[in-house]
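The block underneath contains the structure these notes are about, expressed in structure tokens.
Every number here is computed from the coordinates shown, using simple stated rules; none is lab data. Treat the numbers as computed from the prediction; the structure is a model and nothing was measured. Please note: Cβ atoms are built from the backbone with ideal geometry, for glycine as well, and neighbour counts cover all protein chains shown.
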Amino acid sequence: MLVVVGVFAILGVVVAQTTVTSLRSSRKSDTTVTIRENLELATATIDRKLRNATEIDAEPADPLVNSCDKNAVGPVTVSAFSYINVDKTQGGFTCADIGAANGRLVFNDIENGEDQDLTSMDVTLTFCEFVCTPPSVGVPQSLGVVLVGMDSAGGGIEGAQISVDTQINLRSY
């Protein structure tokens, strides 16, 4: 009788461990999908807003570095930029509170004077960077976007950091 109870106890522990591991894997997978979808939506929004931009204005924090305009010499890394569309509408994007508990990407609607968070409350940005490359002969101005996010609920074993990056070329006008 004791042997049978011992065997069932061992089986119970094995089944419980397997179930816990399976649940953690499922939560990690769900978290990863949520973060990736959110970051890809943010980069798609930037791409859509810049589709008709005639120029990007990115002023680096360091005043000794050139801004990213038509006269710039090389790429400029910034945490915020603004743009002007063909129809003269303006907007911008800002990496806000990166590394803090509420790191996020913000769309600055200059025309309406409103700011909108592009990342949801479920995602915290741990890294956000824009690399503006000025135009050259035959190559339009471009913007590289790098976003790294994680679950805002915290790390833990289910936590994951997801990175999304893209390169957006402006149309030549």
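What list do you get for T119, T126 if you sort them by fewest beta carbons within 10 Å?
On the way: T119 23, T126 16.
Ordered from fewest to most neighbouring Cβ atoms within 10 Å, T119, T126 come out as T126, T119.
In the Gaussian network model of the chain, springs joining C-alpha atoms below 10 Å, which of Q17, Q116, Q90 carries the largest mean-square fluctuation?
Maximum among the listed residues: Q17.
Give me the net charge for the shell around C95: Cβ to Cβ below 9 angstrom, other residues only, Lys and Arg +1, Asp and Glu -1.
Details: positive: R104; negative: D97, E129.
Residues near C95 contribute -1 overall.
Taking H placed 1.01 Å from N in the peptide plane, check which residues at least 5 places from I56 or on another chain put their amide H under 5 Å from its amide H.
none
Would you work out the relative contact order for the chain, in percent, from Cα pairs under 8 angstrom that are 6 or more residues apart? Don't jump to the answer; show the numbers that get you there.
Numbers: 333 pairs, mean separation 38.0, N = 173.
After rounding, I find 22 percent.
Name the most mobile residue of V15, V106, V73, meaning the one with the largest mean-square fluctuation, in a Gaussian network model of the chain with Cα contacts below 10 Å.
V15
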